[in-house]
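Notes follow the structure.
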Amino acid sequence: MDLYKGRFSGKTASIAHEFNSSIGTDYKLYKVDIKGSKAHAKMLEKCGIINQEELKKIVSGLDSVLEDIESGKLEFSKEAEDIHMFIESELTNRIGDAGKKLHTARSRNDQVALDVKLFTIEVAQRAIDALVELEETIFEIAKDNLNSIMPGYTHLQIAQPVTFAHHIMAYAQMFLRDISRIKDAKKRMMTSPLGAGALATTTYNIDRSFTAKELEFESPTLNSMDSVSDRDHVVELLYCYSNVGMHFSRLAEELIIYSSQEFKFITIADEYSSGSSIMPQKKNPDMAELLRAKSARLYSNLMGIMTMLKGIPLAYNKDMQEDKEYLFDSVETFEISIEVLNGMLATMKVNSERMREMAHKGYINATDTADYLVKKGLAFRDAYYITGSIVKYGISENLSLNEIPLEKYKEFSDVFEEDYYKYIDLDYILNERKVFGGPSAKSVEEQISLTKIQLESLKKQ
Ligand code: ARG
């Protein structure tokens, strides 16, 4: 590394360079690095540290580097230690001496802290936007399935009837909380570490508020040592991704189960399925399975960065260079996952007839039988016991609650009347559940519009 030749007599061993260099990973920061450098240069000129001519050269030089990277004309050199050194030396190659002044009153430590923060803010916003899009897909599915009765499960055993709209809207609530979590984390990202220097700022009379404003932060960070060693914002974002990943994984699992031959509640589109190399009849939910698996990567990146950060003393240590390995992998994993999930949901077919058929099984209306008896004056526990005995009888005779004749019911309790059958009808059961947050079409319509309102207000925050 030529930069160190003043201090060093020996040359870095090539294996050590390979180990130390991060350009293979942090090249992804080129855009934010250039953005940060331009703001820094403007500040240097404003504070009289460089002159106007030098600033002009630096800005147009950085712009030309950016242009050439984006057009593919300029390739990242493996010789460079990292993206910061690469851009600086490329700039100096192009504009000469003015380029050598860019790093005045700055260290790579505050530079990388700034770049990572700018990048994290950008991807946090992208995550919010993608989640908002996913919410919109869910609202559409819900609106189309307000009356698609399906079995609701506990312990994966048929419990009580719900609708597919109500079921899918449960995920809308999870993602709404995820959006709010990312928004909240983003608020804490809005302080600029630029100007913190290596760890103890600088003796130049710089203006940290100027660069903070220029880069759209709310203010500069308050402690220079914290500024260069803080990666909490990355940890927070990786936690948010992990939580979303957990929700993706649960939804993916349901898509897998519900698309199986046994359930057939949904059909995943061919575009989001795979076949088998040997079994010609197969259509496998590979994408959903991968989505289920990707949460593991998101969790392990979170664990990785937290473990990497534990125990390192103040201030910057090279350990922290590893932050980007976790961050970038999570960003990539999250962004492709959400796009696939959104496409898969938007194109899947909901088989509402099959759902309704299955909702008739499993004595799903047993609670309503007990509730009927309660309405006729019985105590709930007595009603519960009687209904249990009726279900036992039904199972032994292979009869559903709707099929057992009234005379038989009367043997269990004389309060049963002809009106009973109306009370255990699935549509009736559902539409009577109009409690706030419940599954009736009316309640779910209200749920959708309230979720939309919450989403709008989150977008404004
Ligand atoms: N590539 C380094 C990183 O990502 C940049 C900061 C290096 N600073 C230093 N003093 N070695 O963390």
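Odds and ends about this structure:
- Of all residues in the stretch 51-64, those satisfying the criterion of being surrounded by fewer than 22 Cβ atoms within 10 Å (Cβ to Cβ) and of a type in the set (A, V, I, L, M) are L55, V59.
- Residues of the stretch 215-232 include at least one that is within 28 Å of D329 (Cα to Cα), crowded, with 20+ Cβ neighbours inside 10 Å, within 16 Å of the ligand (Cβ to nearest atom) and of a type in the set (A, V, I, L, M).
- Restricted to the stretch 180-207, and to residues there that are among the hydrophobic types (A, V, I, L, M, F, W, C) and within 16 Å of the ligand (Cβ to nearest atom), the residue that is farthest from L131 (Cα to Cα) is A200.
- Residue count for the stretch 139-168 under the criterion of being buried (at least 24 other Cβ atoms within 10 Å of the Cβ) and out of contact with any strand residue (DSSP E or B) (no Cβ under 9 Å at 6 or more places or on another chain): the result is 1.
- Inter-residue pairs, beta-carbon under 6 Å, first on the phi > 0 side of the Ramachandran plot and in the stretch 255-281, second outside any helix (DSSP H, G or I), 6+ apart: K264/N351
- Just one residue in the set A159, A105 is within 16 Å of the ligand (Cβ to nearest atom), of a type in the set (A, V, I, L, M), over 23 Å from Y326 (Cα atoms) and not in a helix (DSSP H, G or I); that residue is A105.
- When V32 is tested against (1) free of Cβ contacts under 8 Å to residues at least 12 places away in the same chain; (2) within 16 Å of the ligand (Cβ to nearest atom), only condition (1) is not met.
- Subset of the stretch 421-436 that is of a type in the set (A, V, I, L, M, F, W, C) and outside any helix (DSSP H, G or I) - its residue that is surrounded by the most Cβ atoms within 10 Å (Cβ to Cβ): I424
- All of (1) surrounded by fewer than 21 Cβ atoms within 10 Å (Cβ to Cβ); (2) over 14 Å from V112 (Cβ atoms); (3) in contact (Cβ under 8 Å) with a residue 12 or more places away in the chain hold for T25 with one exception: (2).
- Pairs with Cβ under 9 Å, 6+ apart, first in the stretch 42-71 and closer than 14 Å to H103 by Cβ and modelled with pLDDT of 95 or more, second surrounded by 12 or more Cβ atoms within 10 Å (Cβ to Cβ) and polar (S, T, N, Q): M43/T211; L44/T104; I49/T104; I50/T104; I58/S37; G61/T92; L62/S37
- Only residues that are of a type in the set (V, I, T), within 14 Å of the ligand (Cβ to nearest atom) and surrounded by fewer than 23 Cβ atoms within 10 Å (Cβ to Cβ) were counted across the stretch 73-102, and they come to 0.
- Which listed residue is closer than 30 Å to H166 by Cα and either outside any helix (DSSP H, G or I) or within 16 Å of the ligand (Cβ to nearest atom) (or both), from S260, S249: S260
- The test for being touching a residue at least 60 places away in the same chain (Cβ under 8 Å) and polar (S, T, N, Q) does not hold for N398.
The values are calculated or read from the model by the stated rules, or taken from the named source; none is laboratory data. Because the structure is predicted, anything quoted here is derived from the model rather than measured. Cβ: placed from backbone, ideal geometry, glycine included. Neighbour counts: every protein chain shown.
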